Amino acid sequence: MHPLLGNPRRLAIYLLAWLLVALLLTVGLRGQIDWVTAALFFIPVSLVFALITQSAWYVCRVFPIASSRWWVAGPAQIAAGAIAGVVWIVIAGGWSRALENMGADVDVRLTFLAQRPLLLVVGALLYWLVTVFFYLVTAFEASKDAERTNVELGLLAREAELKALRAQLDPHFIFNSLHSISALTATDPAAARRMCLLLADFLRETLRLGGNEQISLAEELALADRFLAIEQVRLGSRLTIAREADPQVVNCLVPPLLLQPLVENAVNHGVAQLVEGGTIRMVANRTGSTLTITLENPCDPDRARTRGVGLGLELLRKRLTNQYGASDAVYAQEQDGQFRVEVRIPAVPAPAKAAAAKAEASA
Amino acid sequence: MTTLPDPLRVIVVDDEELARVLLRELLAEHPDVEIIAECGNGFEAVKAVTDKKPDLLLLDVQMPKLDGFDVIELIGADVPVIFCTAYDQYAIKAFQVHAVDYLLKPFGGDRLADALARARARISAREPLPAKALISEARATRAPLERILVREKSEVHVIPVAKIDYFESQDDYVALKVGDRQFLKEQTLSELEQLLDASRFVRIHRRYLLNVARLARIEQSVTDSRVAVLQDGSELPISRGGYARLKEIL
């Protein structure tokens, strides 16, 4: 969108500025001609040229200052200025002839012819001035845009963070677990008690770890284990779990509750949707400086997809993008009834001191 | 000696064994209730309801393949239902399909006793069962159908809509053509048309609803009428209005 042509107010201010230029030219280059004739010569020519120089906007758009090579943009802008200068003296020449025909002072045309080289330079300079003006406008708007985007991103990130944390604890998970406990109290009181303790541990750990910036992968995996152990009581033989974590990676730092939406999805949209159930496979390893956590679960390819699937993944993606800046941290794929999600984040080992202190505390 | 009322013959449907165990335990306190079947999924439920004609269904909502509402759709609301679920967001829909009650897990014996009393009242009052259309209506609030459920006696087929070539209206039924196979569903073509994604299924004729992805070409026959040729070579007539609708999509 052209910054001036689409906006009458700005265009008026711009033309007013050119009127000033015209008056300056009148004063500076009047020579022997009288004031009125000089003004009659310069004002219309300047205003017409003012409109023509609006085309500089499009040249600026073709050669944006941030991404163009100077050896391309430079000559192009110089050429554009030269052409504009020529256009400027052609218009001025035409107008001087017209004034002459209308019976103005003969000196107008003679003065113009004498000052043609100077006018050419002035025209080119004026054009370049407009070019600079447009570059400034572009830069200003870009910075305003960037600022707005930043604010929006910040809001979005905070919102995502909040939603993510809130989504960590699905209340239905708790209700279902309590229902299982209620069922077990009569048939298997010991199992009911175990389930109570598991649920209490899980809730306490979720609240404790959720408040941290970062936790160790070992803690995160232990939390996921607890969650899955509870779901195993509920789903019985339908849910099995396979987990492999490279001992090298368990002391890496991860954002808390990173795995929670993934294991929840794997259960609710995967295994629980299958009559025969299946295995959730969780693997954590490291390649170079990247920590990769992979979750795999069978799923029903024909399942009804109207239950907010993907929301948890989307929130996790936003959260990791916000934290690590990489937008491809979460990669999900479904193929042949197998759902697989990979999370890749920088492998940052916990500081040795803290790790040692933690080991001591737990010993 | 007092005679006990006829026992309430109940089928319990829940994919979680513990939930079934709990219902069994809680129902044991009601001598006038007899569990005639326990089902771990919707397929078993449809079969059991068809074969055993229970008085009442205790039905979980979230189950694999067929959820509670799918089961209701397939058994056609012939049986009063008490929903049992941890999710409160299905309550409105449950009452749209005339559920007797809606039990939120975890629930105890008192709440279940209330629900059973309500079911007895409903049964003895012989309240009319909801019309089919009402069930479809409850369904219509969802996104376009991605799969169609068909019951053949006690067997259930789940057919993804992408696999269906076209639907043909046959009196009170709709025939689903899937390759060489044909399934009959008790529904009108217009109802189905409204439930399906309008950009993928087009009513090309009063009697035909076509999966646009199967269309190979349109041929003009000698008279003014047009014929849709499908990828497998079969031909379907296109009405004038149907052609206009088809053109809009293509």
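Observations
- The residues on offer are B:GLU17, B:GLU25, B:GLU34, and the sole one that is closer than 30 Å to A:ALA192 by Cβ, open to solvent by 60 Å² or more (accessible area, probe 1.4 Å) and more than 9 Å from chain A (Cβ to nearest Cβ) is B:GLU34.
- Residue in the stretch A:289-306 that is within 11 Å of chain B (Cβ to nearest Cβ), farther than 22 Å from B:GLU44 by Cβ and exposed (fewer than 15 other Cβ atoms within 10 Å of the Cβ) present: yes
- The criterion of at least 1 residues that are without any contact (Cβ under 8 Å) to a residue 24 or more places away in the chain, over 20 Å from B:ARG206 (Cα atoms) and at the interface with chain A (Cβ under 10 Å from one of its Cβ atoms) is met by the following strands (runs of 3 or more DSSP E) wholly inside the stretch B:140-184: B:147-152, B:155-160.
- Test result for A:ALA242, small (Gly, Ala, Ser), in a helix (DSSP H, G or I) and in the same structural domain as A:TYR331 (by TED's automatic domain parsing): no
- Sole exception among (1) open to solvent by 60 Å² or more (accessible area, probe 1.4 Å); (2) modelled with pLDDT under 90 for B:ARG207, by number: (2)
- The residues in the stretch B:25-61 that are in contact (Cβ under 8 Å) with a residue 40 or more places away in the chain, assigned to a strand (DSSP E or B) and under 19 Å from B:ARG122 (Cβ atoms) can be counted, and the count is 5.
- Test for B:LEU192: is it part of a strand (DSSP E or B) and among the aliphatic types (A, V, I, L, M): no
- Residue in the stretch A:42-59 that is open to solvent by 30 Å² or more (accessible area, probe 1.4 Å) and touching a His at 6+ places or on another chain (Cβ under 9 Å) present: yes
- Residues satisfying the stated conditions in the stretch A:233-264, i.e. within 14 Å of chain B (Cβ to nearest Cβ) and either at pLDDT 95 or above or open to solvent by less than 40 Å² (accessible area, probe 1.4 Å) (or both): A:ARG234, A:LEU235, A:GLY236, A:ARG238, A:LEU239, A:GLU264
- In the set B:VAL229, B:VAL202, B:VAL222, only one residue is without any contact (Cβ under 8 Å) to a residue 12 or more places away in the chain and aliphatic (A, V, I, L, M); that residue is B:VAL222.
- Just one residue in the set B:LEU26, B:LEU18 is under 17 Å from B:ALA115 (Cβ atoms) and not basic (Lys, Arg); that residue is B:LEU26.
- Qualifying helices (runs of 4 or more DSSP H) (wholly inside the stretch A:30-133; at least 2 residues being in contact (Cβ under 8 Å) with a residue 24 or more places away in the chain and within 19 Å of A:ALA17 (Cα to Cα)): A:35-52, A:56-62, A:70-101
- Some residue of the stretch B:62-70 being surrounded by fewer than 16 Cβ atoms within 10 Å (Cβ to Cβ), among the hydrophobic types (A, V, I, L, M, F, W, C) and not in a helix (DSSP H, G or I): no
- Hey, B:LYS47 more than 14 Å from chain A (Cβ to nearest Cβ) and open to solvent by 40 Å² or more (accessible area, probe 1.4 Å) or not: no
- The stretch A:1-18: number of residues that are in contact with a Leu (Cβ under 7 Å, 6 or more places away or on another chain) and either under 14 Å from A:ILE91 (Cβ atoms) or in contact (Cβ under 8 Å) with a residue 12 or more places away in the chain (or both): 5
The values are calculated or read from the model by the stated rules, or taken from the named source; none is laboratory data. Everything numeric here is computed off the predicted structure, so don't read it as measured data. With ideal geometry, Cβ positions are generated from the backbone for all residues, glycine too; neighbour counts draw on all protein chains shown. Just the protein is used for accessible areas: all its heavy atoms, side chains included, with ligands, DNA and RNA removed. Shrake-Rupley method; radii C 1.70, N 1.55, O 1.52, S 1.80 Å.
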